[in-house]
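All of the numbers you see were taken from the coordinates with simple rules; none came from a lab. Since we're looking at a predicted model, the values are computed, not measured. A quick note on method: Cβ atoms are made from the backbone with ideal geometry, for glycine too, and the neighbour counts reach across all protein chains shown.
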Amino acid sequence: MSYLRLAVTDRCNLRCSYCMPAEGIAYLPSKKLLSWEEMLRIVQVLHPMGIKKVRITGGEPFVRNGLMDFLTELSHLKDLEVCLTTNGVLLESQIQNLADLGIKSINLSLDALDRDRFFQITRRDDYEIVYQNLLGLIEANFHVKINAVVMQGKNEADILALTNFAKDHPVSVRFIEEMPFNGSGQLEPILHWNHQRIFSEIQQAHPDIQIMPGSIGETATKYQIPGFSGDIGIIAAFTRTFCGTCNRVRVTALGQVKTCLYDDGVFDLKEYLRAGASNEEMADTFLRLFAQRPLNGFEAEKNRKGVIQESMTSIGG
Ligand code: SAM
Ligand code: SF4
């Protein structure tokens, strides 16, 4: 357990079709969300237990007031890598502040390099601003990973467009298999674009693509193409090929602990800490939960109380 993914809100300013229905989801009242103080305490408990990296996610982290103060508090914790995943819409005024806080790596979700396709997927007309903010992050020397979910009939053209973006820009473009967390309970019967099909699409255009060595706990299989400034990653998020080296623990905005993305929450941490749990009790609980985690995402899915109906905006990805 060395990597915490912390969802700081379930709210979002986009409506990506793979993540949320057009009308959004029923957001819970703010007091049902973990407070910034509670989240800081959770990180402070986990950090000495070996958590080396925390990723702030959501919902869209930048829609919650107080994010920058929270990041400032996290920046005071020694030897903790703080990263963010964002849709990039609200980044502009914060790029320099994020750099000043020592944040080096940002994942930006961008599924299409085209205004119409972006609109069709996110149901919002924010392509230009996100694209400019992407360039702003690159300019400010962040290590940028572009996350793109590949969907049948929506952004196949972007597999090569985004791959080519990595030719001239020092970014990691990561193609993600679509998972069934769209909040509608309606699931595609088959995965049209699995990791092998995404790879062959890229390989046909770039036969000299080569696999790169991976590191432990990494979900992306990484590739380089000779002459490219950036690299390519493919994440078999639905096929679940990487569970054996998983080092992650997730805390959702509602304060549920997840030891696998596919479980339905294995512990109500918010209630536990609001009932007065000590830091030692919390630490012991994390160790117990991590030791009991399922073998892989298929087992976690089998252990659920019901079928997947939730939205990724309440989980954090
Ligand atoms: N709002 C931020 C963003 O979009 O980057 C952070 C939260 S979002 C839930 C985190 C990541 O989950 C994004 O990269 C998004 O593409 C991914 N994601 C959301 N729903 C997904 C799904 N059904 N399948 C695969 N990835 C998904
Ligand atoms: Fe919002 Fe991110 Fe979900 Fe898109 S993927 S709706 S930006 S939380």
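I want to check the label-to-label distance for GLN186 and GLN44. Put each point 7 Å from Cα in the C-beta direction and report it in nm to one decimal.
4.7
Quick check: residue separation of GLU81 and GLN309 times 0.36 nm, minus the Cα distance between them. What number comes out in nm?
Value of the extension gain: 78.9 nm.
Compute the label zone of LYS31 within segment 248-275: residues whose backbone N is under 18 Å from the point 7 Å along Cα-to-Cβ.
254-255, 270-275
How big is the charge dipole of the chain about its Cα centre, in debye rounded to the nearest 20, if each Lys and Arg gets +1 on its Cβ and each Asp and Glu gets -1 on its Cβ?
620
From the C-alpha coordinates alone, can you work out the Kirkwood hydrodynamic radius of segment 169-211, in Å?
Kirkwood hydrodynamic radius for segment 169-211: 12.7 Å.
For segment 187-200, just list the computed ³J(HN,Hα) in residue order, Karplus coefficients 6.51, -1.76 and 1.60, θ = phi - 60°, integers in Hz, with x standing in for Gly and Pro.
Rounded to whole hertz, the list is 10, 5, x, 9, 8, 6, 10, 8, 4, 5, 5, 4, 4, 5.
Calculate, in nm to one decimal, what LYS104 and SER200 gain on full extension: separation in residues at 0.36 nm each, minus their alpha carbon distance.
Fully extending the segment from LYS104 to SER200 adds 31.4 nm.
Over what distance in Å are the Cα centres of segment 182-234 and segment 252-317 separated?
About 28 Å separates the Cα centre of segment 182-234 from the one of segment 252-317.
Compare the peptides 259-270, 161-172 by average per-residue count of other Cβ atoms within 10 angstrom and give them in order, highest first. Walk me through the numbers before you get to the answer.
Values: 259-270: 20.4, 161-172: 17.5.
My ranking of the peptides, most packed first, is 259-270, 161-172.
Between segment 1-28 and segment 78-142, how far is it from one alpha carbon centroid to the other, in angstrom?
Between the Cα centre of segment 1-28 and that of segment 78-142, the gap is 16 Å.
Work out, step by step, the length gained on full extension between ILE216 and ARG274: first 0.36 nm times the residue separation, then minus their alpha carbon distance; give nm to one decimal. If you can, show how the numbers build up before the last one.
Details: separation 58, 0.36 × 58 = 20.88 nm, distance 3.49 nm.
Gain in length upon complete extension: 17.4 nm.
Cysteines of the chain lacking any other cysteine beta carbon under 4.7 Å?
If one checks each Cβ against the other cysteines of the chain, CYS12, CYS83, CYS243, CYS246, CYS260 turn up with nothing under 4.7 Å.
Looking only at GluC sites (Glu not before Pro) in DSSP loops with at most 14 other Cβ atoms within 10 Å, what is the longest site-free stretch of the chain? Intermediate values should be presented prior to the final figure.
Details: sites that count: GLU23, GLU218.
Free of exposed loop sites, the longest segment is 24-217.
Before anything else, pin down the relative contact order of the chain: Cα pairs under 8 Å, at least 6 apart, normalised by residue count, whole percent.
Reported as a whole number, the value is 22 percent.
Sticking to Cα atoms, compute the Rg of the chain to one decimal and its Dmax as the biggest Cα-Cα distance, whole number, in Å.
Values for the chain (Cα only, Rg and Dmax): 18.8, 58 Å.
Quick one: compute the contact order of segment 230-317, relative version, from alpha carbon pairs under 8 angstrom and 6+ residues apart, as a percent.
Across segment 230-317, relative contact order equals 31 percent.
Placing unit charges on C-beta atoms (Lys and Arg positive, Asp and Glu negative, everything else neutral), compute the dipole magnitude of segment 214-315 about its Cα centre in debye, rounded to 20. Please list the in-between numbers first.
Working: 12 positive and 12 negative charges, 34 e Å.
The dipole magnitude comes to about 160 debye.
Apply the Karplus curve 6.51 cos²θ - 1.76 cosθ + 1.60, θ = phi - 60°, to the phi angles in segment 306-315 and return the couplings in whole Hz, x for Gly and Pro.
Result, rounded to whole Hz: x, 6, 5, 10, 6, 9, 4, 5, 9, 10.
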